[in-house]
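The values are calculated or read from the model by the stated rules, or taken from the named source; none is laboratory data. In this text the structure is predicted, and so the values were computed from the model without any measurement. Every residue, glycine as well, gets a Cβ built from its backbone with ideal geometry; the counts of neighbours run over all protein chains shown.
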Amino acid sequence: MALKIVADLCTACGDCEPECPTTSIKAKKGVYVIDAESCTECEGDFDKPQCVKLCPIDDCIIPLAA
Ligand code: SF4
Ligand code: SF4
């Protein structure tokens, strides 16, 4: 399972990037993206996805399948 960043909502503030335990978040073409191959939804590291917890924008980071 993985999450994704909604590009239209991401302000590229960068707050999420250094907090990802799997270094799955990278800047790309002016926004941030999550590598679905390595995102674990923080399972085993944190109770809740750290990027969702840190992102100041509501619904900017959502399940990949949604
Ligand atoms: S859910 Fe966790 S592992 Fe996935 S991108 Fe966010 S911080 Fe990284
Ligand atoms: S914290 Fe949210 S708005 Fe900021 S770079 Fe990450 S996804 Fe984009």
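Against the conditions (1) within 8 Å of ligand 2 (Cβ to nearest atom); (2) in a loop (DSSP other than H, G, I, E, B); (3) not β-branched (Val, Ile, Thr), residue 41 satisfies every one except (1). Among the candidates 60, 16, 51, the residue that is surrounded by 13 or more Cβ atoms within 10 Å (Cβ to Cβ) and either out of contact with any Leu (no Cβ under 6 Å at 6 or more places or on another chain) or among the aliphatic types (A, V, I, L, M) (or both) is uniquely 51.
Is it the case, given these coordinates, that residue 56 is within 10 Å of ligand 2 (Cβ to nearest atom), closer than 14 Å to residue 6 by Cα and not hydrophobic (A, V, I, L, M, F, W, C)? When the stated conditions are applied, residue 56 passes them. Here residue 4 clears all of (1) surrounded by 15 or more Cβ atoms within 10 Å (Cβ to Cβ); (2) part of a helix (DSSP H, G or I) except the condition numbered (2). Inside the range 27-53, residues that are at pLDDT 95 or above and over 9 Å from the mean Cα position of the chain (by Cα) make up a count of 13. Which residues, counting only those in the range 25-60, are touching a residue at least 40 places away in the same chain (Cβ under 8 Å), within 7 Å of ligand 1 (Cβ to nearest atom) and among the hydrophobic types (A, V, I, L, M, F, W, C)? Of everything in the range 25-60, those that are touching a residue at least 40 places away in the same chain (Cβ under 8 Å), within 7 Å of ligand 1 (Cβ to nearest atom) and among the hydrophobic types (A, V, I, L, M, F, W, C) turn out to be 51, 52. When residue 22 is tested against (1) free of Cβ contacts under 8 Å to residues at least 12 places away in the same chain; (2) assigned to a loop (DSSP other than H, G, I, E, B), just one condition goes unmet, and that condition is (1).
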